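The structure appears right after this line, and notes come after that.
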Amino acid sequence: MNKKTKKISLFILLIIILFINFYPLPYYVTRPGMAQVLDEIIDVQGGYDEKGEFMLTTVRMGEANVISYVMAKMKKYYSLEPKNAILLENETDEEYQVRQSYYMENSQENALQVAFQKAGKEVNVTMNGIYVLSVQEGMPADGILKPGDRIVAIDEQNFDSSTGFTNYIQGKQVGDDISVTFFRNGEKLTRTVAIAELSETKKPGIGIVLVEDKDVKTNPEVKINTEQIGGPSAGLMFSLEIYNQLVKEDITKGYRIAGTGMISSDGTVGPIGGIEQKIVAADREGAEIFFAPNENGARNSNYEMAKKTAKDIDTKMKIVPVDTIDDALAYLEKLEAKK
């Protein structure tokens with residue numbers, strides 16, 4: 001092989017390597033992430049110590065290339081997710097990260113509110129409205145509302161939660177008009193928006209993804225450092241960790257306790273994605289108990305999927321179903337302290 005042929009061959013090889021490593025595919029690869037000990041990132045001023053540990057669990061996600069695509073096909077508990085199943089319509093990767101940050105912030109606020117109320121401690125909640133995270137193309141809000149708008153009233157009514165807002169909208173009939181008052185760039189605006197049927201849920205709506213905008217002030221102060229974590233799924237475990245630092249009794253009873261689930265301001269635990277991968281992550285970190293959203297006993301609930309995964313990986317970790325934070329607290333109250 002002469003020098004010219006070698007150079008051409010090396011150049012072609014380089015092009016192939018670059019293609020394999022950097023050519024993006026229309027998928028994300030998800031896999032088991034980590035189980036993060038929460039007392040390392042949550043600090044209640046003057047709070048009590050604990051012998052055991054509460055842990056949040058995560059899923060790692062990255063844009064697929066040829067290599068990671070092949071790995072996801074071969075490795076168990078690696079998963080390929082189409083981009084349109086992760087991103088909202090016309091949403092960029094950057095906008096997705098912003099949305100996850102909003103969800104995380106809201107998760108922390110709900111966790112603070114729930115934990116302090118359960119512990120009988122001082123907490124003040126000010127509802128500022130509802131942030132629009134995205135607007136569905138072709139729905140009534142399209143062209144009227146924009147991401148970043150802060151809705152403060154519907155038909156001149158204020159709401160103390162996103163649930164109240166959603167319930168009001170879903171109480172309307174398709175074709176009804178509502179008056180939406182919102183702030184955009186400091187300007188207060190009011191616009192009329194029609195009600196339509198949402199394609200995903202078949203319920204009345206206007207076609208927005210939203211998150212609560214509220215201020216939660218507590219005494220004592222709580223510091224939470226979650227710079228590397230996004231999304232709403234740590235809400236339950238945040239609540240339990242904060243509560244445990246607020247009360248004298250150590251509700252961990254000396255166990256390593258992982259879990260997942262969104263938390264609403266009323267203490268309801270909601271389902272999340274990637275439960276199988278989170279079970280794997282928790283088992284790797286030596287968790288002994290795992291709280292999983294029960295979804296009121298629904299078929300293929302997070303709890304049911306968690307049980308199947310736990311059996312498949314042959315873990316001794318106890319999978320516990322929860323619909324509310326009270327379910328988790330009741331389980332821990334009956335739990336015998338670890339010797």
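The values are calculated or read from the model by the stated rules, or taken from the named source; none is laboratory data. A quick note: this is a predicted structure, and the numbers were derived from the prediction, not measured. Positions of Cβ are generated from backbone atoms using ideal geometry, with glycine treated the same way; all protein chains shown enter the neighbour counts. Just the protein is used for accessible areas: all its heavy atoms, side chains included, with ligands, DNA and RNA removed. Shrake-Rupley method; radii C 1.70, N 1.55, O 1.52, S 1.80 Å.
Can you classify the range 28-99 as rounded, prolate or oblate using the Cα gyration tensor, where a ≥ b ≥ c are the square roots of its eigenvalues, rounded means a/c under 1.5, and otherwise it's prolate if a/b beats b/c and oblate if not?
Note, shape of the range 28-99 comes out oblate.
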Any helix of the chain counts here only if DSSP assigns it H throughout, its Cα atoms span 24 Å or more along the axis, and its mean Kyte-Doolittle hydropathy is at least -1.0, and such helices are 3-22
With every protein chain in place, the accessible area of MET61 for a 1.4 Å probe, in Å² rounded to the nearest 10, comes to 80 Å²
Measure of exposure for ARG99: accessible area at 1.4 Å probe, Å² rounded to 10, is 20 Å²
For the range 258-339, the percent of all C-alpha pairs falling in each 10 Å bin, from 0 up to the bin holding the max distance, is 19, 51, 28, 2
Honestly the range 220-293 on the Cα gyration tensor test (a ≥ b ≥ c root eigenvalues; a/c under 1.5 rounded, otherwise a/b vs b/c for prolate or oblate) is just oblate
Candidates ASN90, ASN185, ASN244; GNM for the chain (alpha-carbon contacts under 10 Å) flags as most fluctuating ASN185
Cβ-Cβ cut-off under 14 Å around ASN302, Lys and Arg +1, Asp and Glu -1: the net charge is -1
With 0.36 nm assigned to each residue of separation and the Cα-Cα distance removed, ASP266 to ALA330 gains 21.4 nm
Between the residues ILE275, PRO220, ILE195, the Cα farthest towards the positive end of the dipole of the range 182-288, that dipole coming from +1 and -1 charges on the beta-carbon of Lys, Arg, Asp and Glu, is from ILE195
Each label sits 7 Å from Cα toward the beta-carbon; between GLU187 and ASN84 the label points are separated, in nm, by 3.5 nm
Checking ASP176, ASP326, ASP49 against a Gaussian network model of the chain (alpha-carbon springs below 10 Å), the top fluctuating residue turns out to be ASP176
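Please give the calculated 222 nm ellipticity per residue for the chain, where each DSSP H segment of at least 4 residues contributes -39500 (n - 2.57) and the sum is spread over every residue; nearest 500 deg cm²/dmol?
About -10500 deg cm²/dmol.
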Two pseudo-spin positions, 7 Å from Cα along C-beta at ASN167 and at ASN219, lie apart in nanometres by 3.0 nm
One finds, for GLU63 and ASP43 with R0 = 35 angstrom and r their Cβ-Cβ distance, a FRET efficiency to the nearest 0.05 of 0.55
Connecting every pair of Cα atoms under 10 Å apart in the chain and solving the GNM, the largest mean-square fluctuation among LYS118, LYS83, LYS188 falls on LYS188
Mean accessible area per residue over the range 102-254 (1.4 angstrom probe, all protein chains present, square angstrom) is 48 Å²
Simple SL model, points at 7 angstrom along Cα→Cβ for GLU95 and GLU197; separation in nm is 2.7 nm
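Would the chain count as rounded, prolate or oblate if I go by the C-alpha gyration tensor, calling it rounded below 1.5 in a/c and otherwise prolate when a/b exceeds b/c, oblate otherwise?
The shape class here is oblate.
Full-extension gain between VAL247 and ILE313, please, as 0.36 nm times their residue separation minus the C-alpha to C-alpha distance.
Details: separation 66, 0.36 × 66 = 23.76 nm, distance 3.52 nm.
Residue separation times 0.36 nm, minus the Cα-Cα distance, leaves 20.2 nm.
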Between SER179 and LYS121, Cβ-based FRET efficiency (R0 45 Å, step 0.05) works out to 0.70
For ARG256 the rounded accessible area (nearest 10 Å², probe 1.4 Å, non-protein molecules ignored) is 70 Å²
With all protein chains present, the range 174-264 has a carbon and sulfur share of its accessible area (1.4 Å probe) in percent of 43 percent
